[in-house]
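The values are calculated or read from the model by the stated rules, or taken from the named source; none is laboratory data. Quick caveat: nothing in here was measured; it's all calculated off a predicted structure. Methodologically, a virtual Cβ is constructed for each residue, glycine included, from the backbone with ideal geometry; neighbour enumeration extends over all protein chains shown. Note: areas computed on protein heavy atoms with side chains; ligands, DNA, RNA excluded. Shrake-Rupley method; radii C 1.70, N 1.55, O 1.52, S 1.80 Å.
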Amino acid sequence: MMDLLQPVIDFSDDEGDLNESIGVPTSGSEYLRKVRKEAYDSPDIVVSEMDTSTFHVRQTLKIPNCNGCQPAPAGYAPSLSWQRAKVSDFSDLRQRLMSLRSKNDFRKHLHQRSKLPEIENETAWLHFCFGSSLRLKPLCDGRTATESSQPSLPLLSVLLCLDQPAIEQLLCYHINWFQEGGFSDVQGQWLFALFACLEKPLTPEACHLLRTAARLCTNLRATLVSRTVF
């Protein structure tokens with residue numbers, strides 16, 4: 001095996017040879033030593049220095065560096081310790097949900113699926129989630145909730161009946177409702193529950209929904225002037 005690893009052309013690879021000045025190579029060995037010396041003298045990372053100002057007048061597309069998230073007003077920026085604690089709690093919640101889904105126990109909730117609206121029916125889910133507490137603008141069918149009913153909370157008996165495509169579709173509905181009608185406490189509960197039900201690896205659609213939700217939440221936070229708004 002070692003014979004197969006021998007170089008085709010045998011030449012010295014000592015650092016002493018690499019430090020010597022090599023002029024115009026006159027043989028294959030000298031050429032290889034010259035190439036090796038150039039590689040030895042070159043930095044590991046080479047950055048090309050270009051004058052990009054000449055391209056500014058030809059720029060047709062401007063991509064902003066801002067991700068669309070607004071900075072927190074004074075007094076509303078969470079501390080690093082608070083963020084770490086919430087991330088830890090959220091991770092534990094997701095692990096418990098995954099554990100429940102992996103067990104056969106959750107199948108006892110599947111009979112509830114027949115009582116849930118079809119996932120394609122956005123209006124039915126709108127009334128299911130918000131009931132008569134709905135305070136959103138008219139949506140796809142131009143109607144708002146008028147019947148007297150209580151909002152449905154995101155209980156395990158509901159969430160365990162939904163697969164990942166249904167979770168993403170329902171999350172898409174809620175983000176659209178957030179954009180069109182504002183935010184409410186009930187919707188906050190639904191958004192938190194749906195976020196916790198997302199499974200990794202995230203789909204591109206789920207990543208887009210999370211980025212949109214982050215922008216909406218920071219935009220709403222930027223408008224707060226009192227800590228007792230909610």
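With respect to the conditions (1) modelled with pLDDT under 80; (2) polar (S, T, N, Q); (3) open to solvent by less than 100 Å² (accessible area, probe 1.4 Å), residue 42 falls short on a single one, namely (1). From the list 68, 75, the one residue that fits, being at pLDDT below 80 and of a type in the set (Gly, Ala, Ser), is 68. Looking across region 198-225, the residues that are surrounded by 13 or more Cβ atoms within 10 Å (Cβ to Cβ) and among the aliphatic types (A, V, I, L, M) come down to 198, 202, 206, 209, 210, 213, 214, 216, 220, 222, 224.
Among the numbered criteria (1) in a helix (DSSP H, G or I); (2) within 21 Å of residue 100 (Cα to Cα); (3) at pLDDT 90 or above, which one does residue 128 miss? Unmet condition: (2).
Which one is farthest from residue 151 (Cα to Cα), of the residues in region 172-224 that are in contact (Cβ under 8 Å) with a residue 12 or more places away in the chain and outside any helix (DSSP H, G or I)? That would be 203. Might you let me know whether region 14-28 holds any residue that is at pLDDT 75 or above and open to solvent by 100 Å² or more (accessible area, probe 1.4 Å)? Scanning region 14-28, I find at least one residue that is at pLDDT 75 or above and open to solvent by 100 Å² or more (accessible area, probe 1.4 Å), so the answer is yes.
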